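Data first, discussion second: the structure below is written as structure tokens.
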Amino acid sequence: MNQSTFDVAIIGGGASGFFSACKIKEYNPNLKVCILEKSNKVLSKVKISGGGRCNLTHAINYNSELVKHYPNGKNFLKKVFQKFTVKDTIQWFEERGVKTKVEEDGRMFPVSDNSQSVIDTLIKNSVGLGVDLRTSFDVKHINKDNGLFHVTSRKEDVLMTSKLIIATGGYPKPNQFDWLVDLGHSINLPVPSLFTFNIPVEGLKHLMGLSVPNAKVQIVGEKLNYSGPLLITHWGLSGPAVLKLSAWGARMLNARDYQFEILVNWIGELSEQEIIEQIKSYKEKHPKRSVTSNSLFEIPQRLWGELMIRAQIDEKLNYADIGDKSINRMLEVIFRLPLKVLGKTTFKEEFVTSGGIHLNEVDNKSMQSKLIENLYFTGEVLDIDGITGGFNFQAAWSTATVAAEHITGINNRD
Ligand SMILES: Cc1cc2nc3c(=O)[nH]c(=O)nc-3n(C[C@H](O)[C@H](O)[C@H](O)COP(=O)(O)OP(=O)(O)OC[C@H]3O[C@@H](n4cnc5c(N)ncnc54)[C@H](O)[C@@H]3O)c2cc1C
């Protein structure tokens, strides 16, 4: 075996590439493994993930619940998570010195609140155990000859390997997949996921910074709606309700070129009837109070004032002055305020690409290509994406484990 022939080569020095290397070394320390990374840095997304804290997974005990957080890849991942689930992630990192903690919303971070502790552990358990790391190795072509893959970089460096893992992450542009399509694989076209909505013409800017804890946002003409905290920003709307919608509606919103209408219900949990009854009950108890100055349903006062303007409630009116017609107009702006979305902004904390290698071309029991023997795919290069909250890293760790188990012949849980 010469210097440039490996048992396993992994293309991509990100979360799933490094985890694959760690797992292969754990299962079979004797294998000759390399990671090929196009840039001169590795694990750069892990570094900036979760605002520099790395939201490495999400506290969910049951796989049936876990898979519900993936707009794409849910069925494929069912098998994958059977082999390496959230509990395994926590255990793996904790056994190697990365203690984790759960935040109120279920997101899990290292206790250090520093992504560097995750990076150090991944490097220690791969490169530290003999994995050959080659940076500035930008793979442009792969061909298979006599059972060996020949991997060629843009600088025309070539190396050979018996088994090959593609862990190159999501590409935003379709032509970036060309070298994988040349292998015979096909892709679901990439579109962005996890973005916020630009709402430039609705005059919400003066309310920026205000938020409500449980709004419901619906896309007009679609069944899609999501509830959760909603934040008014200087460009439009953000917060979990919007991010979830952007993930589940990624492809449909792309097809609409990010021009669509939404209906916002600012207090997601109440029915129309309950809202009307509560307004009427307040009116009876406090007839002399000004409508505009006395917000209901814990809607922030400035937002309430804006909603009352839109409901054409004169600021001089007291609750005693409003009749059924006014109450109905109030209901409309509280329960389904229409807003025009014109464009998107990529969320600075976390974004992913929806799309990638078609899942029907990959075996989810091994992550091996169904078209080319000994070729494997892990992580975001696949047509898998999760919502915000640690789900994308969980998919990276789990797909990497399944590939490593198959490559080394270890099958922990079949
Ligand atoms: C700002 C930001 C914050 C995020 N925060 C979180 C979070 O907190 N929690 C969470 O679960 N998810 C988060 N995500 C998503 C998460 O980072 C990704 O889903 C995850 O990194 C995917 O891992 P991967 O190994 O598949 O791909 P990547 O981490 O993208 O790694 C792929 C690697 O392959 C290299 N590569 C690509 N093409 C080639 C080539 N031809 N030759 C050689 N190398 C190549 C790339 O340079 C890269 O280093 C975040 C994403 C972003 C952008």
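Within the stretch 61-83, count every residue that is buried (at least 18 other Cβ atoms within 10 Å of the Cβ) and under 22 Å from Ala250 (Cβ atoms).
The qualifying residues number 11.
Does any residue in the stretch 276-287 that is assigned by TED's automatic domain parsing to the domain that holds Ile334 come within less than 9 Å, Cβ to Cβ, of a residue that is among the polar types (S, T, N, Q) and assigned to a loop (DSSP other than H, G, I, E, B) six or more places away or on a different chain, and which pairs are these?
Tyr282/Asn294; His286/Asn294
Does the stretch 157-192 hold any residues that are farther than 15 Å from Ser16 by Cβ and of a type in the set (Gly, Ala, Ser), and which are they?
Within the stretch 157-192, Ser162, Gly184, Ser186 qualify.
For the stretch 100-119, check the following and say yes or no: at least one residue is outside the structural domain of Pro240 (by TED's automatic domain parsing), hydroxyl-bearing (Ser, Thr, Tyr) and touching a strand residue (DSSP E or B) at 6+ places or on another chain (Cβ under 6 Å).
First, pick out the residues of the stretch 100-119 that are outside the structural domain of Pro240 (by TED's automatic domain parsing): 100-119.
From what is left, the residues that are hydroxyl-bearing (Ser, Thr, Tyr) are 100, 112, 115, 117.
Pick out the ones that are also touching a strand residue (DSSP E or B) at 6+ places or on another chain (Cβ under 6 Å) and you get 100, 117.
Yes - at least one qualifying residue is present in the stretch 100-119.
Could you check, for the stretch 84-101, whether at least one of its residues is basic (Lys, Arg), out of contact with any His (no Cβ under 7 Å at 6 or more places or on another chain), open to solvent by less than 50 Å² (accessible area, probe 1.4 Å) and at pLDDT 95 or above?
Kept after step one, since they are basic (Lys, Arg), are these residues of the stretch 84-101: 87, 96, 99, 101.
Those still in the list that are out of contact with any His (no Cβ under 7 Å at 6 or more places or on another chain) too: 87, 96, 99, 101.
Within this subset, residues satisfying the condition of being open to solvent by less than 50 Å² (accessible area, probe 1.4 Å) are none.
No, there is no match, as no residue in the stretch 84-101 is basic (Lys, Arg), out of contact with any His (no Cβ under 7 Å at 6 or more places or on another chain), open to solvent by less than 50 Å² (accessible area, probe 1.4 Å) and at pLDDT 95 or above.
Only residues that are more than 7 Å from the ligand (Cβ to nearest atom) and within 24 Å of Asp105 (Cβ to Cβ): list them for the stretch 396-414, please.
Residues of the stretch 396-414 that are more than 7 Å from the ligand (Cβ to nearest atom), as a first pass: 397-414.
Trp397, Ser398 - these are the residues of the stretch 396-414 that are more than 7 Å from the ligand (Cβ to nearest atom) and within 24 Å of Asp105 (Cβ to Cβ).
Starting from the stretch 142-163, keep only residues that are aromatic (Phe, Trp, Tyr), then list their pairs with residues that are not in a strand (DSSP E or B) whose Cβ atoms are within a distance under 8 Å, requiring at least 6 positions of separation or different chains.
Pairs that qualify, where the first residue is aromatic (Phe, Trp, Tyr) and the partner is not in a strand (DSSP E or B), are Phe149/Asn374.
For (1) under 27 Å from Ile11 (Cβ atoms); (2) in a helix (DSSP H, G or I); (3) within 12 Å of the ligand (Cβ to nearest atom), each residue gets a yes or a no:
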position: Ile35; (1), (2), (3): yes, no, yes
position: Gly51; (1), (2), (3): no, yes, yes
position: Asn75; (1), (2), (3): yes, yes, no
position: Phe93; (1), (2), (3): yes, yes, no
position: Gly128; (1), (2), (3): yes, yes, no
position: Leu133; (1), (2), (3): yes, no, yes
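Which residues, taken from the stretch 146-173, are surrounded by fewer than 17 Cβ atoms within 10 Å (Cβ to Cβ), more than 11 Å from the ligand (Cβ to nearest atom) and under 21 Å from Ser186 (Cα atoms)?
His150, Lys173 - these are the residues of the stretch 146-173 that are surrounded by fewer than 17 Cβ atoms within 10 Å (Cβ to Cβ), more than 11 Å from the ligand (Cβ to nearest atom) and under 21 Å from Ser186 (Cα atoms).
Those residues that are within 16 Å of the ligand (Cβ to nearest atom) and assigned to a strand (DSSP E or B), I need them from the stretch 342-368; list them, please.
Correct list: Lys344, Thr345, Thr346, Val352, Thr353, Ser354, Gly355, Gly356, Ile357, Val362.
Does the stretch 341-357 contain any residue that is within 24 Å of the chain's Cα centre (by Cα) and over 25 Å from Leu243 (Cα atoms)?
Pass one, the stretch 341-357, residues within 24 Å of the chain's Cα centre (by Cα): 341-357.
Remaining after also requiring over 25 Å from Leu243 (Cα atoms): none.
Checked against the condition, which is being within 24 Å of the chain's Cα centre (by Cα) and over 25 Å from Leu243 (Cα atoms), the stretch 341-357 yields no hits at all.
Does Ile187 fit the bill of being within 25 Å of the chain's Cα centre (by Cα) and farther than 25 Å from Gly355 by Cβ?
Values: within 25 Å of the chain's Cα centre (by Cα): yes; farther than 25 Å from Gly355 by Cβ: no.
So Ile187 does not fit the description; no.
Select from the stretch 374-388 the residues that are in a strand (DSSP E or B), buried (at least 24 other Cβ atoms within 10 Å of the Cβ) and more than 9 Å from the ligand (Cβ to nearest atom) and list them in ascending order.
Step one: of the stretch 374-388, the residues in a strand (DSSP E or B) are 375-377, 382, 385.
Now restrict to residues that are buried (at least 24 other Cβ atoms within 10 Å of the Cβ): 376-377, 382, 385.
Selection gives Tyr376, Phe377.
How many residues does the stretch 146-187 hold that are in a strand (DSSP E or B) and either modelled with pLDDT under 95 or aliphatic (A, V, I, L, M) (or both)? Reasoning before the result, please.
We begin by selecting, within the stretch 146-187, every residue in a strand (DSSP E or B); these are 148-153, 158-166, 187.
Checking which are either modelled with pLDDT under 95 or aliphatic (A, V, I, L, M) (or both) leaves us with 148, 151, 158-160, 164-166, 187.
Of the residues in that region, 9 qualify.
The values are calculated or read from the model by the stated rules, or taken from the named source; none is laboratory data. It should be emphasised that the depicted structure is a prediction, and the values quoted were computed from it without experimental measurement. FYI the Cβ positions are ideal-geometry reconstructions off the backbone, even for glycines, and counts take in every protein chain you see. Ligands, DNA and RNA are excluded from the accessible area calculation, which covers all protein heavy atoms including side chains. Shrake-Rupley method; radii C 1.70, N 1.55, O 1.52, S 1.80 Å.
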